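Working notes, structure below.
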Amino acid sequence: MNGQTPGSPALNGITPVQQMISSCSGALLTSLLVTPLDVVKTRLQAQNNPLGKGKYFVYCNGLMDHICVCENGRGWYKAAGQFKGTFDAFYKIVCCEGITALWSGLPPTLVMAVPATVIYFTCYDQLCAALRARMGERSQEAPLLAGAIARVGSATVISPLELIRTKLQSQKQSYGELTSLIRSAVQAEGWWSLWRGLGPTLLRDVPFSAMYWYNYERGKNWLCQWYNTREPTFTITFISGAGSGSIAAIVTLPFDVVKTRRQVELGELQAKNLSGPVSSSTFSIMKKIVAHDGFRGLFAGFFPRLIKVAPACAIMISSYEFGKAFFRKHNQERILPQLHSTNT
């Protein structure tokens, strides 16, 4: 209908498949670079508050959260001595456990992070381009809406996989046992049971995505004008990603605190094979936190979240933009000779 052939550049000079490859490589690179920072942070936290049998903590590499179970009284890791600080933790973990210990928990994270990131970034670019074409004078607000819609879509698709992964991590079940468990849950509570916990996730992630993309696009355009360049450089996308990610992380931190508490509460019940009510409402949990810890409790973990999210966002978006620029240049070099031969 539009004169494009299959596989031809359709959006900003690249195809959806090339967008997917760019986002996939960005997710892999981000996971590889950010996971060691989170491993060290988790170890430092665990030595101050040791985990007992059946206890959980939420493990995140900047792209995706997941819950890890403590199998015994000593915890899920080998004792590497008392850590005096970040660099000391890096050194002792590598010496006592090997360098691969810095990427503990990476495989299950990638199973979730890669498909979620591919869906999310590809949908965002496609939606943003379509919305900009339709919104006219208000096209600057397109990233806000596109980011929110893309996050709703990706979170909804990934949510059942997140539930399955959490159960596998918590109860050491075989895939056959897990299948029968999921089937019985669907029969008892309906298909909606596979999307349990989606509400709090969306309350945190949708505002984050909307603010992130809006501030990223505005910051990128401002820096391009400042440096008098038409195309954003790697440095411009890196700075814009870090800045917009930091702002979004700070504003949405209370929802992240609530989501973490719900995950830990559910995880402990599963570890002990107990059934009990998990806090029903996001705002009811907020009230409990404020009543117990004050308003400061809603911003618990401010600094660790900031130093984790900012580099993760910066690495992800800059590598994604680099991949798109590479494919765009490749497509132009391929198309130009064809146009030249056609004109002659």
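No lab work stands behind these numbers, since they all come straight from the coordinates. Everything numeric in this text was worked out from a predicted model, so none of it was measured. Heads up, the Cβs are rebuilt from the backbone with ideal geometry, glycines too, and the neighbour counts pull from every protein chain shown.
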Report summary line: Taking the dipole of region 207-264 about the Cα centre (Lys, Arg +1; Asp, Glu -1; charges at Cβ), the one of ILE239, GLN225, ALA249 that reaches farthest to the positive side is ALA249
Requested in this report: Run through all the Cα pairs of region 86-139 and give the fraction in each 5 Å bin from 0, expressed as whole percent.
Outcome: 4, 16, 13, 10, 10, 10, 9, 8, 7, 7, 5, 1
Query raised in the report: Which entries of LYS220/LYS308; LYS84/LYS288; LYS220/LYS288 show an alpha-carbon separation above 28 angstrom in the structure shown?
Result: LYS84/LYS288; LYS220/LYS288
Requested in this report: Express in nm, to one decimal, how much length is gained between PHE283 and ARG296 on full extension, taking 0.36 nm for each residue of separation and deducting their alpha carbon distance.
Outcome: 3.1 nm
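By the scheme Lys and Arg +1, Asp and Glu -1, what is the net charge of all other residues having a beta-carbon under 13 Å from that of ILE239? Mind showing how you got there, number by number?
On the way: positive: ARG218, LYS220; negative: GLU321.
Once positives and negatives cancel, what remains is +1.
Give, in nm to one decimal, the length gained when the segment between GLN82 and PHE303 is fully stretched (0.36 nm per residue of separation minus the Cα-Cα distance).
Details: separation 221, 0.36 × 221 = 79.56 nm, distance 2.20 nm.
Gain on extension, GLN82 to PHE303, equals 77.4 nm.
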